1. Considering Cα pairs under 8 angstrom that are at least six residues apart, work out the relative contact order of the chain and quote it in whole percent.
2. Please work out how many pairs of lysine residues in the chain are eight or more positions apart (or on different chains) and have Cα atoms closer than 23 angstrom.
3. Would you kindly give the portion of the calculated P(r) for the stretch 2-260 that falls above 31 Å, as a percent of all Cα pairs?
4. Only four residue types carry charge here, +1 at the Cβ of Lys and Arg and -1 at the Cβ of Asp and Glu. Report the dipole size of the chain about the Cα centre in Debye, rounded to the nearest 20.
5. When a/c reaches 1.5 or more, the comparison of a/b and b/c decides; with that in mind, is the stretch 85-157 rounded, prolate or oblate per its Cα gyration tensor?
6. Anything in the chain that counts as a DSSP H helix reaching 18 Å or more along its axis (C-alpha) with Kyte-Doolittle mean of at least 0.5? List them, would you?
7. Restricting things to alpha carbons, tell me how big the stretch 156-207 is in terms of Rg and Dmax, in Å.
8. How far is it, in nm, from the label point at Glu188 to the one at Ala113 when both lie 7 Å from their Cα along the line to the Cβ?
Amino acid sequence: MPDVVLPVTYSAVKALTASVFLAILGLTARASFAGDYNSLILEQIKQMPQGGRYSVSHYAKIRLQSSAHFESGKFFFLPSAASPSFCSGATYLVFIRTIEALRARGQLQLDYATLNHLIIRDQRDGEDIWGRWNANGPGTARLFHELGLGQNLDSFDQARPGDFMKIFWSRQVGKSEHGHSTVFLGMENRLGVQYVRYWSSNIPSGYGVKSVPRSKIAYAIFSRLETPANLARITSAPSVDSYLASLLRTRSSIAEASTKCGL
């Protein structure tokens with residue numbers, strides 16, 4: 001009897017071991033692939049111009065539209081360091097550059113209807129993809145949560161270079177907020193003081209890297225791109241996110257903003 005039971009038991013153990021190994025391999029692959037998105041985002045930053053100047057003028061918005069030209073189902077990027085730029089426009093260019101890079105590699109397929117929603121027009125806050133990204137409050141994080149593009153975090157300890165980061169300079173959210181749309185690059189220590197390093201279009205010099213003391217940031221939400229194919233969900237989402245649209249004229253709170261982003 002032991003001679004019969006032993007082979008069966010051994011086979012079962014082998015099968016279980018193989019299953020566990022494949023599960024771990026799958027998790028590792030997914031984690032690695034998610035990390036690759038962050039790496040790809042950082043690659044896009046390297047291809048962006050340096051300098052220029054920061055401006056939220058109407059002209060800066062027109063220049064942003066022309067910087068991401070959509071034709072024949074493809075985005076063409078022509079940002080210029082000589083042009084004025086602003087923070088949410090800068091990070092959105094990096095975002096759609098990343099999406100276009102994935103499409104060019106054959107790693108992402110999006111239909112025309114979805115791509116049409118990515119185009120920068122004169123959308124109001126909360127409208128379409130760009131209007132959500134550009135809105136006051138947690139625009140990017142709210143978009144990620146609504147469409148399931150990836151996880152949102154509010155811990156610097158869990159943040160990774162390549163995460164999109166919305167900085168709140170105060171606890172105000174909405175009408176009276178002071179915020180900054182950036183890409184997180186990491187933490188650094190300067191003479192015992194912890195600094196946060198990020199890329200964006202910054203006041204006054206435009207595109208570039210900047211570091212600020214961690215103590216100057218009241219709150220931050222990190223958005224990590226993990227499932228870009230879920231952009232297709234925008235076609236069935238409300239045309240306007242009412243929460244984000246309201247933040248031009250009403251006040252929210254950190255607690256409400258966090259809840260709206262799944263935190």
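Bear in mind that the values in this text are calculations on the coordinates, not laboratory data. The shown structure was predicted, so the numbers you read here are calculated from the model rather than taken from an experiment. Here the Cβ is made from the backbone with ideal geometry for all residues, glycine too, and neighbour counts use every protein chain on show.
1. 23 percent
2. Final tally of qualifying lysine pairs is 14.
3. Working: 9387 of 33411 pairs.
The share of Cα pairs beyond 31 Å in the stretch 2-260 comes to 28 percent.
4. Numbers: 28 positive and 19 negative charges, 152 e Å.
With Lys and Arg at +1 and Asp and Glu at -1, about 720 debye.
5. On the way: a/c = 1.59, a/b = 1.18, b/c = 1.35.
It comes out oblate by the Cα gyration axes.
6. Working: long enough: 2-46 (65 Å, 0.84); 87-104 (26 Å, 0.84).
Span-like helices, by this rule, are 2-46, 87-104.
7. Using the Cα atoms of the stretch 156-207, the pair Rg, Dmax is 12.3, 37 Å.
8. Once both label points are built, they end up 4.7 nm from each other.
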